[in-house]
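Any read-out appearing in this document is the output of simple, stated calculations on the displayed coordinates, not a laboratory observation. Because the structure is predicted, anything quoted here is derived from the model rather than measured. Glycine gets a Cβ as well: all are built from the backbone with ideal geometry, and neighbour counts include every protein chain shown.
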There are 2 protein chains.
Amino acid sequence: MPSDIAIAQQAQLNKVSQIAQALGLNEASVEPYGHYKAKIEPALNPQLQARADGRLILVTAISPTPAGEGKTTTTVGLGDALNHIGKRAMVCLREPALGPVFGMKGGAAGGGYAQVVPMEDINLHFTGDFAAVALAHNLLSAMIDNHIHHGNALGIDPRQVSWKRVMDMNDRALRQIVVGLGGKVNGQAREDGFDIVVASEVMAILCLCDDLADLKQRLGHIVIGYGFAGQAITASALQAHGAMAVLLKNAIKPNLVQTLEHTPALIHGGPFANIAHGCNSVIATRLALKLADYVVTEAGFGADLGAEKFIDIKCRKSGLRPAAAVIVATVRALKYHGGVDLTALAQLNLPALLAGIANLQRHVHNLQQTFGLPCVVAINRFTQDTDAELALLAEQMAALGVRVVLAEHWAKGGAGAAALAEEVVRLTEAAPTPLRFAYEDADTLWEKMHKLATRIYGAADIFAARRIREQIDKLQQDGYGHYPVCVAKTQYSFSTDAALRGAPSGHRVTIREVRLCAGAEFIVMVCDDIMTMPGLPKVPCATRIDIDAAGHVVGLF
Amino acid sequence: MPSDIAIAQQAQLNKVSQIAQALGLNEASVEPYGHYKAKIEPALNPQLQARADGRLILVTAISPTPAGEGKTTTTVGLGDALNHIGKRAMVCLREPALGPVFGMKGGAAGGGYAQVVPMEDINLHFTGDFAAVALAHNLLSAMIDNHIHHGNALGIDPRQVSWKRVMDMNDRALRQIVVGLGGKVNGQAREDGFDIVVASEVMAILCLCDDLADLKQRLGHIVIGYGFAGQAITASALQAHGAMAVLLKNAIKPNLVQTLEHTPALIHGGPFANIAHGCNSVIATRLALKLADYVVTEAGFGADLGAEKFIDIKCRKSGLRPAAAVIVATVRALKYHGGVDLTALAQLNLPALLAGIANLQRHVHNLQQTFGLPCVVAINRFTQDTDAELALLAEQMAALGVRVVLAEHWAKGGAGAAALAEEVVRLTEAAPTPLRFAYEDADTLWEKMHKLATRIYGAADIFAARRIREQIDKLQQDGYGHYPVCVAKTQYSFSTDAALRGAPSGHRVTIREVRLCAGAEFIVMVCDDIMTMPGLPKVPCATRIDIDAAGHVVGLF
């Protein structure tokens, strides 16, 4: 197989104007960014707006492993496959963060023959949305320090400013810094730090808001820290939210591109899946549902984090309702969950596979029983996978009433996932069951976290030190109790211990930290170390990424 | 008069595809960014490439004053006026920095009826060039600290890293910081700081390079600091320049927009006029000269800094040759140079005007005698200007063989600057005189600085402390002696004392600091405090910039 970038560069793309026209979009609502990217005005004409919504398909996965599962690739491949079998489908994805492209990752736009293109642009600046989020975030940061410097009329306590700065770069040296050194002319010295842009609350707000008015209002609600009198200080008190919204006026519009097979793709927003909810924007998903009969989307990490937040945060708040879910797994990854070393994954090992299937079973149970979502298991096939392993997997899933479908879109494009598409269509044509949530709005914040831990993670109980309990109680008393909780924990395990593979149970989930996101309208419960500014590896991808005099790029995977 | 933004928002723009087509550009070389902006592929087809170059007109100014002169407005107005009198003209401008838009400035795309549009976009993210420069710069920064963290094979001395980080924000708290706090996992603690993006050497390189290959090579030559053994550490030693060039692959293409009167405008690059050379990109200027018969461009600050660097750095290195210069002044600003207080500038004061004209006379002398450039003085007319004042000014300039033309493009658009356009055409139709430089390549760095100070600034001598002299000698010995010097000094005076208005002479210019820019290929001589990260005022413009639910922006001037 050629490399991802070689496949992407050889692709014959359709003009984005052609893609947009086929969707029924008129010229006025399409702003081209080059010939193969466009921003779409989300306010549709009355004719499109009156259309019935298409069916929303969520692609999620087992708990991630170093063996790789291929969730984005499956999302793209399923979109292509639905068109291949004669449906009108499109895909909705998050925009990749730039920092990791130069670190370990080298690109994040699918792979093989299931990619979104132009992949270099999507992996680099794309249409500037992340730059806009960074500037809006950092404008607020600058206005905070500027306010303190010029008399501090609001009485902001420099020791209690929680709003950091952001950059779309993997840069560990910026995690913990001291700013304002050099004397009076440079302002008040204080501790600060940088997060990567996808960790910005502005990104979460952009992805959850309904429209520009809602965006601005939510930006105004951001709590940047506390004053000397203990009062919450908001972005609106600093009069920053209007200018922040101005900086985001283009970023709020979804970006239209295409897959290698010309399936339309909206790629919009990219909130971190740990301290945020890890899904593309509500605006893009709503738009796609008006433009296509099937919309395939994905959520970050495994189903315990990604699908849960997709449903309990994004769907709850927006009214979006998925018709079915696809759980992506590989035989190799399931053997890893069964305790096999990375080096031995290619070997037949039925007992380990059976043990590892427990991870998949719990995710299936959560989607089916807790959330009421019909689902299918998609296996990204590797050549070493044996018939015996696949038969065991099918048998185990059959017991739950779930089919296992082999998918080969990576090597074969949409045609390779036709069987998956057929099963997805079948699932969505059954009588719909109402979506359920893991907790109710009226539950207390503590109850919400308790329900997630016990129902979704298989834990016995939750725990928090007195100081954290008090913070949670204060948020409850301050009127934030109706917010959803957004859990930040390791994605590698149902538990909070990354080394516990499979389906651990009886464990205790400890809440280490609580963060109020009053603009995004959720409460982050941190149950693990979370990394909000990654670092670069010893030999970063950046050292291999290059361009020749003709503009030909190499080194993006 | 309506506000600038109100005028801009009421304008009927032509589609950028229409503007490009009228220039003879085929569709393949035009990448639309929305309907009114486009990136232009600078490699033209052979037919356009074979065209004779148009005539290049430099717009410069007297030493800036708080009264304002209107250089960008005149550049735009002259372009419109040349088209108005039947010529084929376009304008070449720098892209505005975003930071100052939220500080004091509120916008920088001309004013009144002489603006480039869409002004909101030009003032905000535009086509993402500055974001790309910031990311390329900060990628190198991250790779430096990452290299030190992972064993420091190159032996970089953390105390001698001069490559800072950048952000397009006015943020004084970031001027002087400590990074890498928090222990081993966050890397090596060291002093650092942020500059505003326009101060990045990457920006200077982007604006001086010939093409992508030259860009990458220059990026590789950047010296980020010194090693423990005293050796210079380059970006190429860190293998960062390839990935940096990838990040700049779109930013290297000039941006096409239009004036309110549909004159084509290339707006590309924006190096700071203090630590860099303050002109738009060489690539954009060369492209414009192939597309139009008259190209009007401008250089930052007054003619002692802007025009000098335009000629001694940009023209020397690129082979570009201006055919004439326009020196922008106002009667009010000349009275200010004659010693009048800001509050009294509206009053008739012929002696003060005569005294202030000395500033203009020296700029005229420098352009005519030192550089060999024919010139005209453009007076942006205010209603309080009297006939007596204008007559005195005309009489003084006539003695130098220079005409004074009143320009009213701010209120009347191109028609208001028709007389200026006629005079510019007349100047460029005279037999061309060869352009001269203020110093020769072969002069030593010290001689270059001495010639600038004595010939251009009217100084008696230059001075540097022993340590600075030694640094200059070392740069000379290290093989950088053939580079031009790029002076950073106050723009408000010919001297290094901002309070010395008019045309001071006999003063001494003290070099306080020397900086090597091995990628941009010049040596910065700092003769004053220079600000490479501005701050916000007590009530920033950002507090007044706002957007309504329909996307209508207010508060940009």
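General observations
- Chain B - mean residue ellipticity at 222 nm from DSSP helices (-39,500 (n - 2.57) per run, n ≥ 4, rounded to 500): -8500 deg cm²/dmol
- Proportion of all alpha-carbon pairs of the stretch A:499-552 beyond 16 Å (%): 72
- Under 12 Å, Cβ to Cβ, from B:THR263 - net charge with Lys/Arg +1 and Asp/Glu -1: 0
- Each copy carries a label point for B:GLN347 at 7 Å from Cα toward Cβ; from one copy, the others' points are 9.8 nm away, ordered from shortest.
- Separation in nanometres of the label points that stand 7 Å from Cα toward Cβ, at B:ASP387 and B:ALA550: 4.8
- Cα gyration tensor, the stretch B:153-239 - rounded (a/c under 1.5), prolate or oblate: oblate
- For residues of A:23-32, the mean tally of beta carbons on other chains within 10 Å: 2
- Shielding by partners - mean other protein chain Cβ count within 10 Å, residues of B:249-261: 1
- Around B:ARG403: net Lys/Arg minus Asp/Glu count, Cβ-Cβ under 13 Å: -2
- Cα-based helix-to-principal-axis angle, A:212-221 vs chain A, degrees rounded to 10: 50
- Hz values of 3J(HN,Hα) by residue in the stretch B:531-539 - Karplus curve (6.51, -1.76, 1.60), Gly and Pro given as x: 9, 10, 9, x, x, 8, x, 4, 10
- Model label sites at A:HIS482 and B:ALA498, defined 7 Å from Cα along the beta-carbon direction, differ in position by 5.2 nm.
- Placing unit charges on the Cβ atoms of the charged side chains and taking the dipole of the stretch B:445-527 about its Cα centre, the candidate lying farthest along the positive direction among B:GLY502, B:TYR457, B:THR490 is B:GLY502.
- Residue among B:LEU82, B:PRO100, B:THR127 farthest towards the positive dipole end of the stretch B:1-139, charges placed on Cβ: B:LEU82
- Peptide ranges A:36-48, B:83-95 listed from the most packed, as the mean C-beta count within 10 angstrom indicates: B:83-95, A:36-48
- For the peptides A:172-182, A:528-538, residues were scored by their other Cβ atoms within 10 Å and the scores averaged per peptide; the highest-first order is A:172-182, A:528-538.
- About the centre of its Cα atoms, chain A shows a dipole size close to 560 debye [charges on the beta carbon of Lys, Arg (+1) and Asp, Glu (-1) only; nearest 20 debye].
- Spatially proximal aspartates and glutamates relative to A:LYS314 (Cα-Cα < 16 Å; intrachain offsets below 8 disregarded): A:GLU201, A:ASP210, A:ASP211, A:ASP214, A:GLU298, A:ASP304, A:GLU440, A:ASP441, A:GLU521
- Cα-based helix-to-principal-axis angle, A:71-84 vs chain A, degrees rounded to 10: 50
- Angle in degrees between helix A:282-291 and the longest Cα principal axis of chain A, rounded to the nearest 10: 40
- Cα gyration tensor, the protein assembly as shown - rounded (a/c under 1.5), prolate or oblate: prolate
- Which of A:LEU305, A:GLN49, A:THR263, positive extreme of dipole for chain A (C-beta unit charges): A:LEU305
- Highest mean packing comes first when the peptides A:237-245, B:71-79, B:160-168 are listed by Cβ atoms within 10 Å, giving B:71-79, A:237-245, B:160-168.
- Annotation for A:GLY227, label-to-label distances across the other copies: 5.5 nm (shortest first, one decimal, point 7 Å from Cα along Cα→Cβ).
- Pair B:ASP214, B:GLN369: separation of 7 Å Cα→Cβ label points (nm): 3.3
- Test item: A:397-403 mean partner chain Cβ contacts at 10 Å: 0
- All other residues whose Cβ lies under 14 angstrom from that of A:ALA465 are scored, Lys and Arg at +1 and Asp and Glu at -1, for a net of +2.
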